[in-house]
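The values are calculated or read from the model by the stated rules, or taken from the named source; none is laboratory data. Because the structure is a prediction, the values reported are computed rather than measured. Cβ atoms come from the backbone with ideal geometry, glycine included; neighbour counts cover every protein chain shown.
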Amino acid sequence: MSIEIKCINKSDRMNAHERITHVGGLNNDGTRWKLTQGEAIAGIESRKYEFHVTRGGRTVQVIVASSRYGHKYLKTVADGEQPDNLLSLPECP
């Protein structure tokens with residue numbers, strides 16, 4: 001089952017691959033969940049989690065990508081080199 005990411009927390013770094021620090025959303029019971037980007041990456045790689053983002057009525061899968069320097073980060077399948085769909089999400093409380 002895929003989990004929807006509804007918000008993110010960003011660092012003040014300018015590098016798009018390093019800007020997302022946390023991802024979050026809502027559980028079925030309305031409580032909030034939040035993971036570090038590292039926890040989300042580990043969860044995707046171990047197949048414990050699958051994530052998606054809904055933007056403009058479209059649902060797109062969130063995947064793990066690596067920058068040219070080998071830094072792992074989250075992005076959606078629809079994004080090119082930059083994690084734009086994720087970076088456009090609101091800040092998590």
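Tabulated values for the structure
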| quantity | calculated |
| --- | --- |
| Residues satisfying the stated conditions in region 39-69, i.e. of a type in the set (G, A, S) and at pLDDT 95 or above | A40, A42, G43, S46 |
| Residues satisfying the stated conditions in region 70-84, i.e. at negative phi and modelled with pLDDT of 85 or more | H71, K72, Y73, L74, K75, T76, V77 |
| Residues within region 40-62 that are under 11 Å from the mean Cα position of the chain (by Cα) and over 12 Å from S2 (Cβ atoms), tallied | 2 |
| Count of region 4-42 residues which are exposed (fewer than 14 other Cβ atoms within 10 Å of the Cβ), assigned to a strand (DSSP E or B) and free of Cβ contacts under 8 Å to residues at least 60 places away in the same chain | 4 |
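Okay, residues lined up against (1) under 19 Å from N85 (Cβ atoms); (2) surrounded by 16 or more Cβ atoms within 10 Å (Cβ to Cβ); (3) among the small types (G, A, S):
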site: I44; (1), (2), (3): yes, yes, no
site: R55; (1), (2), (3): yes, no, no
site: R68; (1), (2), (3): no, no, no
site: K72; (1), (2), (3): yes, no, no
